[in-house]
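S.K.: First the structure, then my questions, so here it is.
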Number of protein chains: 2
Amino acid sequence: MSRPKRATIVDVARMAEVSAKTVSRVVNNEPHVTEAVKTRVREAMRALRYHPNVAAQGLVRSRSYLIGLVYEKPSPSYVVELQKGALERLHGERFRLVVLPVESVTEREDEIIALLRSAALDAVLLAPPASDHAGLMAELREAGMPFARISPTRLLGNGPSVAMDDVAAAQEAAEHIVSLGHKRIGVIKGDPSHAASDARLVGTMQALAKAGITLHPELIESGLFTFDSGLAAARRLLALDPPPTAILAQNDDMAAATVAAARECGLHVPEDLSVVGFDDSDISRVVWPPLTTIRQPVEDMAYRAMDMLLHVLKGEPEGGDIHLAHELLIRRSTAPPRAG
Amino acid sequence: MSRPKRATIVDVARMAEVSAKTVSRVVNNEPHVTEAVKTRVREAMRALRYHPNVAAQGLVRSRSYLIGLVYEKPSPSYVVELQKGALERLHGERFRLVVLPVESVTEREDEIIALLRSAALDAVLLAPPASDHAGLMAELREAGMPFARISPTRLLGNGPSVAMDDVAAAQEAAEHIVSLGHKRIGVIKGDPSHAASDARLVGTMQALAKAGITLHPELIESGLFTFDSGLAAARRLLALDPPPTAILAQNDDMAAATVAAARECGLHVPEDLSVVGFDDSDISRVVWPPLTTIRQPVEDMAYRAMDMLLHVLKGEPEGGDIHLAHELLIRRSTAPPRAG
DNA sequence: CCTCGTGGTGGGAACGTTTCCCTGATCCTA
DNA sequence: TAGGATCAGGGAAACGTTCCCACCACGAGG
């Protein structure tokens with residue numbers, strides 16, 4: 001009653017004096033229709049404000065035209081860029097994006113799989129850490145649901161994925177700090193359930209080892225990629241005696257927290273403490289000083305991953321693992337340590 | 001082929017030795033089924049990994065179980081909170097959230113309406129500035145698509161909505177600054193296409209007028225609710241002679257930009273310049289010093305709006321306009337002006 | 001003149017559910 | 001023990017589209 005009856009394909013067919021089948025052909029741009037008939041049908045469609053019923057289409061084509069985006073509560077800025085890239089690619093396509101933030105991929109695997117199974121998605125985009133979860137991928141394969149992965153660090157050659165080289169990037173960041181003359185360097189790791197955290201730590205340690213610097217365990221703190229977790233970790237590092245002269249945080253949110261923690265202690269960045277972030281998310285330019293960071297092209301990665309997914313959905317062969325370049329952005333949060 | 005045939009309701013019916021109708025009743029928790037039959041059916045469902053086909057359900061019930069969230073590129077932190085609140089309420093419901101960021105509601109109204117018509121949504125949540133767009137609302141009413149509005153400033157009594165009092169909030173912020181002793185006060189307005197920008201300006205002017213302070217036009221700059229636009233606006237204000245001793249920004253992103261601009265000029269916040277934000281988004285705690293701001297409960301608002309929408313979808317009568325309280329959070333970005 | 005393809009068109013089944021309308025069986029009460 | 005009420009369950013139609021197949025006219029080639 002409140003919902004006025006929408007025009008159906010047969011209404012259009014009746015008005016244009018053709019069969020429903022023919023209308024369907026016009027709607028889907030199929031051949032075998034005279035130009036004259038085509039225009040007649042188009043007019044009827046406009047007159048009746050006809051829009052095809054997606055549910056009915058989906059039923060017969062077994063397509064829902066929905067693509068899911070699975071991610072696990074990482075930093076807000078990361079989520080936004082992820083969505084931006086995915087939506088950008090989806091613009092103009094019939095597919096729509098359903099957001100599926102999950103609590104914990106590892107702990108509630110069954111729940112997530114049930115969600116995906118019942119959500120009638122055509123495909124899913126897996127952001128970290130779901131993109132490294134073997135069980136989830138196996139289930140998706142079995143269910144015949146195409147997926148693409150963003151920033152996987154393991155199990156490559158397992159369907160389309162877009163990633164960057166976390167090890168090399170972290171190495172580059174550490175080399176920058178070393179080249180400035182820092183010797184006592186702290187690290188704030190990301191969420192342990194993200195494989196990227198380990199990869200980045202490996203890169204950092206390689207660079208430090210090459211420079212002959214040993215990284216004492218007390219200088220490695222763990223966070224969860226969130227501002228608050230970073231704040232706590234940074235406070236612990238700055239309470240050491242002597243405190244580090246530089247801190248490498250594994251994402252920008254935690255790097256921003258490190259800057260805040262330094263301020264609390266009356267320290268100036270970068271004069272008293274150099275801080276390096278990771279991601280080049282919005283936050284790295286929002287805080288003062290703007291953060292030296294690794295540009296991780298999250299938006300591009302999401303765009304490319306979505307692109308590969310659409311290819312698969314169009315029946316083309318699956319793509320492989322794509323690699324995108326990172327970049328060290330030197331801004332104002334790093335400087336040589338105070339002399340002495 | 002790639003997509004293994006999913007079990008249908010008749011497969012389950014055959015296995016459990018009942019009719020399809022009975023299985024349907026079990027699935028939907030309807031009465032008139034013996035406990036014994038129920039368990040038999042449930043077992044068959046599990047064995048066959050049966051999940052109802054959403055498209056088929058949607059077809060016959062004319063429901064898509066999709067709810068759209070329409071917003072227009074505001075600050076990232078706002079978007080994230082919006083989504084968080086909406087998703088929070090959706091947890092455990094059958095409905096899924098489709099994100100629909102749009103370019104410009106006013107400029108491309110037709111496009112948006114076409115999008116909504118063809119997207120087969122059951123309902124939409126309208127965030128600003130779409131929530132103030134009369135044409136859009138009229139179309140939605142005509143199409144029989146329920147909607148709820150977040151932070152509308154006009155056209156109340158027009159269906160469910162959740163808002164806060166922008167005028168009063170801005171007034172309170174200005175009073176705080178006045179009470180600290182500031183006389184020369186700058187304002188950075190938000191996006192002119194958002195009605196909230198005007199409302200907040202009104203509140204600010206009322207407070208200043210009451211204190212006998214006149215706000216010269218040169219002290220009012222306009223931004224777009226983004227960091228970059230705020231940076232430009234703040235630079236213009238700080239280039240005035242004499243510069244303001246306090247700046248009221250209409251959201252946190254622009255307030256953060258103001259802090260950055262001040263730093264560029266070698267000014268210290270809050271000693272040389274007080275800055276007030278608006279929203280209490282993540283960014284207000286991420287920057288240093290943490291911003292004095294107005295807490296706008298965006299997440300709660302989205303939650304409540306979604307709640308009202310679900311009520312409507314369940315056939316209950318439409319709710320009215322709900323008002324949520326704001327709160328002035330005094331943090332470390334405001335202080336009395338320097339003596340002299 | 002008859003066949004054979006071919007481009008345009010329509011008829012009818014199918015997709016997987018729910019819902020309307022039944023039929024029996026069981027139960028309670030007078 | 002009869003009467004109605006309640007309950008468990010089933011058959012068939014409906015939702016709006018696409019797809020397989022058949023049909024028709026028409027021109028070319030034999």
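Since every read-out is calculated from the coordinates, none of them should be taken as a lab result. Fair warning: this is a prediction, and the values are worked out from it, not measured in the lab. Note: ideal-geometry Cβ built from the backbone for every residue, glycine included; neighbour counts use all protein chains shown.
S.K.: Can you tell me the alpha carbon radius of gyration of the protein assembly as shown divided by the globular rule-of-thumb value 2.2 N^0.38 Å?
M.R.: Working: Rg = 27.8 Å, N = 680, 2.2 N^0.38 = 26.2 Å.
Scaled against compact globular proteins, the figure is 1.06.
S.K.: Continuing with the same structure: Using Cα-only point scatterers and the Debye equation, what is log10 of I(q)/I(0) for chain B at each q in 0.13 Å⁻¹, rounded to two decimals?
M.R.: -0.94
S.K.: Turning to a different aspect of this structure: How are the C-alpha pair distances of segment B:1-115 spread across 10 Å bins, as whole percents from the shortest bin up?
M.R.: Per 10 Å bin, starting at 0, the Cα pair percentages come out as 11, 28, 26, 18, 14, 3.
S.K.: If you keep only loop residues by DSSP, which GluC sites (Glu not before Pro) in segment B:62-162 have at most 15 other Cβ atoms within 10 Å of their Cβ?
M.R.: B:Glu93, B:Glu103, B:Glu107
S.K.: Counting only C-alpha contacts under 8 Å and six or more residues apart, can you give the relative contact order of segment B:9-52 as a whole percent?
M.R.: Averaging sequence separation for qualifying contacts and normalising by length gives 42 percent for segment B:9-52.
S.K.: Moving on. Just want the answer: with Cβ charges of +1 for Lys and Arg and -1 for Asp and Glu, which residue in B:Leu237, B:Leu59, B:Leu180 is farthest toward the dipole's positive end in the protein assembly as shown?
M.R.: Farthest along the dipole direction, towards plus: B:Leu59.
S.K.: Taking 8 Å as the Cα distance limit and 6 or more residues as the minimum spacing, I'd like the relative contact order of chain B as a percentage.
M.R.: Answer for chain B is 17 percent.
S.K.: Can you give me the span-like helices of chain B, meaning DSSP H runs with 15 Å or more of Cα extent along the axis and Kyte-Doolittle mean at or above -0.5?
M.R.: Helices passing the filter in chain B: B:35-48, B:76-90, B:166-179, B:195-210, B:227-238, B:252-264, B:298-313.
S.K.: Moving to a separate point now. Just how large is the dipole of chain B about the Cα centre, in debye to the nearest 20, putting +1 at every Lys and Arg Cβ and -1 at every Asp and Glu Cβ?
M.R.: Numbers: 38 positive and 43 negative charges, 324 e Å.
So the dipole magnitude of chain B works out to roughly 1560 debye.
S.K.: Here is a follow-up. Shortest first, in nm, what separates the label point of A:Ser193 from those of the same position in the other copies (7 Å along Cα→Cβ)?
M.R.: 3.9
S.K.: So what's segment B:103-188 giving for Cα Rg divided by 2.2 N^0.38 Å, two decimals?
M.R.: Its radius of gyration relative to the 2.2 N^0.38 Å reference: 1.47.
S.K.: Would you tell me the mean number of C-beta atoms belonging to other protein chains that fall within 10 Å of each C-beta in B:275-282, as a whole number?
M.R.: Average per residue, whole number: 1.
S.K.: Answer with one residue from A:Thr8, A:Ala148, A:Leu313: the one whose Cα lies farthest towards the positive end of the charge dipole of chain A, charges on Cβ with Lys, Arg +1 and Asp, Glu -1.
M.R.: Farthest towards the positive pole: A:Thr8.
S.K.: Relative contact order (percent) for segment A:187-340, with alpha-carbon contacts under 8 angstrom and 6 or more residues of separation?
M.R.: Values: 257 pairs, mean separation 30.4, N = 154.
Relative CO of segment A:187-340 lands at 20 percent.
S.K.: On average, how many beta carbons from a partner chain sit within 10 Å of the beta carbon of a residue in A:283-295?
M.R.: Across the residues of A:283-295, the mean count of other-chain Cβ atoms within 10 Å is 4.
S.K.: Between copies, how close do the B:Ile213 label points come, placed 7 Å along Cα→Cβ, listed in nm from shortest?
M.R.: In nanometres, ordered from closest: 4.7.
S.K.: Hey, got a sec? Which chymotrypsin sites (Phe, Trp or Tyr not before Pro) in segment A:1-103 land in a DSSP loop and have at most 15 other Cβ atoms within 10 Å?
M.R.: Filter output for segment A:1-103: empty list.
S.K.: Follow-up. Considering only DSSP beta bridges whose two residues both sit in the protein assembly as shown, what percent are antiparallel, to the nearest 5? List each step's numbers first, then the result.
M.R.: Details: 7 of 67 bridges.
Antiparallel: roughly 10 percent of the beta bridges in the protein assembly as shown.
S.K.: Quick one: give the max-minus-min coordinate of the C-alpha atoms of segment B:261-340 along each principal axis, largest first, in Å.
M.R.: Extents along the principal axes, in whole Å: 63, 22, 15.
S.K.: Still on this structure, I have one more. How many angstrom separate the Cα center of segment B:246-260 from the Cα center of segment B:323-340?
M.R.: Taking the Cα centre of segment B:323-340 as reference, the centre of segment B:246-260 is 12 Å away.
S.K.: For segment B:166-296, give the magnitude of the charge dipole about the Cα centre (Cβ charges: +1 Lys/Arg, -1 Asp/Glu; no others), in debye to the nearest 20.
M.R.: 280 debye
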